[in-house]
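Read through the structure below, which is laid out as structure tokens, and then see the notes.
What follows is calculated from the coordinates using simple rules that are stated; it is not laboratory data. All figures in this text were calculated on a predicted structure; none of them were measured in a lab. Positions of Cβ are generated from backbone atoms using ideal geometry, with glycine treated the same way; all protein chains shown enter the neighbour counts.
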Amino acid sequence: MDRSFKEVLGSGKFVVTSELGPPKGTNLENMIHHVDLLKDTVDAINVTDHQSSVMRYPSLGGALIVKERGGEPILQMTCRDRNRMALQADLMFAYSRGIKNVLCLTGDAVVVGDHKQAKGVFDLDSSQLLTAIRTMEAGKDLGGSDLDGAVSFCAGAIVTPEANPIEPQLIKFEKKISAGAEFIQTQAIYDLDNFKRFMDYARPFGVKIMAGIILLTSWRMAEFMNKNVPGVFVPQPLIEEMKSAPKGGALAKGVEIAGRMIRRIKEESICDGVHVMAIGKEELVPDILKEAGILNGS
Amino acid sequence: MIRSITKQKPFEEVLELLNGLDRIFLAGCGTCTTLCRTGGMPEVLDMASKLKEKDIIVTGHMVIPVACDELTHEAVEENQQAFSEAEAVLMMSCAYGVQTMSRQVDLPAIPALDTLFVGKEMGLGRFDEVCAQCGSCVLGLTGGICPVTACHKGLLNGPCGGTNNGKCEIDSDKDCAWTLIYLRLKEQGKLDLMRKYHDLRNHNVEPKPGKIRLPLE
């Protein structure tokens, strides 16, 4: 990428990011293929950090690969697996290797993943991780000692606009902004009218907001998310639309829906950009963006 | 009343711990494990009959009134004969009781239960963990509900993204602590307290193992 993610955020352009989940194992072929596919298509690529508490190749390693292949990585960092010492060390390492964007997350609970007996750390929470970054940028560590060489990051966080009740989420959203979040990626949204109401509230805070778009791959997946994924709500008409797809055409329908949503978000300037999560179908991200009328991230 | 909350170990694990010992004294506790139905008289009798089926001799059994009390030695003295015939004491108490017994007798004290948490009795047969003894109480800012304990992740600054219609992402039977705190503070007209940013926790207020010595005369 010729511009850093921070420069893109400041440029006023409609921001497009996507994400990759590293593999379980050391065979990086598929991830590298997806990095090459996306690096010039989107403005930045998130690399997930043991998403859903399933142990994988580290986000730091994935972010380095994105960087090495000429992409702009956003390092996802959760507070689940590392205490404040390990988090600071990884932040210094990331900075020293040219990774300049961090997405601060609390992290899923250990018990929902594939190492159910592991110790969940949560020494910090997401807003405290943001504070840690800003503290280290000022040349201090969390123990109060001076750093010989500080860090500098474009730091972001997430929000769940469909959470119920919503007010506790909004209070935390405001804490994240106070703690220094420069951009916010949302949990998946499907009801744009609801999302507009959230944006009416969020816009005055001046933080850049990217709407989370998860590709629907089948109507069953939509119903599964409604039942099992906290803070995700797929309205019934969209489920019906997925059901109406011809046999073998569900994915194409999902691409069409995702593209249509992105197009509307951009045309109506509902928020500052989108974060596209294709969850294993990364090769379809360019198709989604074509459907949305956005080519090559322009 | 706070209670030490326990569950029974699988019987196979108890047998492994006994590891060939064939003469044991069996002791329950009249307080917490009686309430939890893990080590009261019915459970002690049930364990005794299961042991007998495995040809393990129960030299005696009793339910100690409060197994973690230093007076446990009186219970031992009352049953001196049965203790002297045993190779070990199988404890159907919490770990406090096991350790108290272990200091009182020369025999190995072997736990038949796992101690889960120190809980509050919320009604008959209902026990909740409400305090994690963190050494830095935040209840004054959280509507009297402890997020360090009641939030699975111990978060201080509000809910995570896993909060799900008032329930926790790990278990739909468990409430989201931050939803409870929010509702309580809202009711009290004190939502501003929820907006307060909590700095990093001190996890070593009293470094483990906790030890306090009062300067008594």
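Here are the numbers:
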{"read-out": "Simple Cβ-charge dipole of segment B:130-195, Lys/Arg +1 and Asp/Glu -1, about Cα centre, in debye nearest 20", "value": "180 debye"}
{"read-out": "Three-way shape call for segment B:130-195 based on the alpha-carbon gyration tensor, with the a/c threshold at 1.5", "value": "oblate"}
{"read-out": "Estimated vicinal HN-Hα couplings, Hz - segment A:60-65 in sequence order (Karplus 6.51, -1.76, 1.60; Gly, Pro = x)", "value": "4, x, x, 5, 5, 5"}
{"read-out": "Debye intensity ratio in log₁₀ form over the Cα atoms of segment A:187-281, taken at each q of 0.14 Å⁻¹", "value": "-0.51"}
{"read-out": "Rounded tilt (10° steps) of B:41-53 against the dominant C-alpha axis of chain B", "value": "50 degrees"}
{"read-out": "Stretch in chain B that is longest and holds no trypsin sites (Lys or Arg not before Pro) that DSSP places in a loop and that have at most 16 other beta carbons within 10 Å", "value": "B:55-189"}
{"read-out": "For segment B:6-17, 3J(HN,Hα) per residue [Karplus equation, 6.51 cos²θ - 1.76 cosθ + 1.60, θ = phi - 60°, Hz, x = Gly/Pro]", "value": "10, 9, 6, 5, x, 4, 4, 5, 4, 4, 4, 5"}
{"read-out": "Inter-label distance for B:ILE212 and B:GLU53, nm, one decimal - labels placed 7 Å from Cα along Cα-to-Cβ", "value": "4.5 nm"}
{"read-out": "Residue order, fewest to most surrounding Cβ atoms within 10 angstrom, among B:VAL66, A:VAL54", "value": "A:VAL54, B:VAL66"}
{"read-out": "Cβ-Cβ FRET estimate between B:GLN99 and B:CYS131, R0 fixed at 22 Å, reported to 0.05", "value": "0.60"}
{"read-out": "Tensor-based shape of segment B:2-117 (alpha-carbon gyration tensor, a/c under 1.5 rounded, otherwise prolate or oblate)", "value": "oblate"}
{"read-out": "Acute angle (nearest 10 degrees) that the helix A:219-228 long axis makes with the longest principal axis of chain A, alpha-carbon atoms", "value": "40 degrees"}
{"read-out": "Fewest-first ranking of B:CYS146, B:CYS137, using other Cβ atoms within 10 Å as the exposure measure", "value": "B:CYS137, B:CYS146"}
{"read-out": "Nearest-ten-degree value, helix B:95-104 long axis tilted from longest Cα axis of chain B", "value": "40 degrees"}
{"read-out": "Amide proton proximity set for A:ASP123, modelled H, under 5 Å, gap of 5+", "value": "none"}
{"read-out": "Prolate/oblate/rounded label for the protein assembly as shown (Cα gyration tensor, a/c 1.5)", "value": "prolate"}
{"read-out": "Amide H within-cut-off set for A:ILE184, under 5 Å, with H built and near neighbours excluded", "value": "A:ALA157, A:LYS208, A:ILE209, A:MET210"}
{"read-out": "Percent RCO, i.e. relative contact order, over segment A:1-109, from Cα pairs under 8 Å lying at least 6 residues apart", "value": "26 percent"}
{"read-out": "Backbone HN-Hα couplings from phi across segment A:165-175 [Karplus 6.51/-1.76/1.60, Hz, Gly and Pro as x]", "value": "x, 7, 4, x, 4, 5, 4, 5, 3, 5, 5"}
{"read-out": "Kirkwood hydrodynamic radius over Cα pairs of segment A:99-161, then Stokes diffusion coefficient at 25 °C and 0.890 mPa s, in µm²/s", "value": "183 µm²/s"}
{"read-out": "Relative contact order, percent, segment A:5-291 [alpha-carbon distance under 8 Å, six or more residues apart]", "value": "17 percent"}
{"read-out": "Cα-centre dipole for segment A:164-229 with unit charges at Cβ (Lys and Arg positive, Asp and Glu negative), debye to 20", "value": "120 debye"}
{"read-out": "Net length gained if the chain between A:ARG260 and A:ARG97 were fully extended (0.36 nm per residue, minus Cα distance)", "value": "54.9 nm"}
{"read-out": "DSSP-defined beta bridges in chain B - what % are antiparallel, rounded to 5", "value": "45 percent"}
{"read-out": "Normalised per residue, the volume of the convex hull around the Cα set of chain A (Å³)", "value": "132 Å³"}
{"read-out": "Normalised per residue, the volume of the convex hull around the Cα set of segment A:48-123 (Å³)", "value": "73 Å³"}
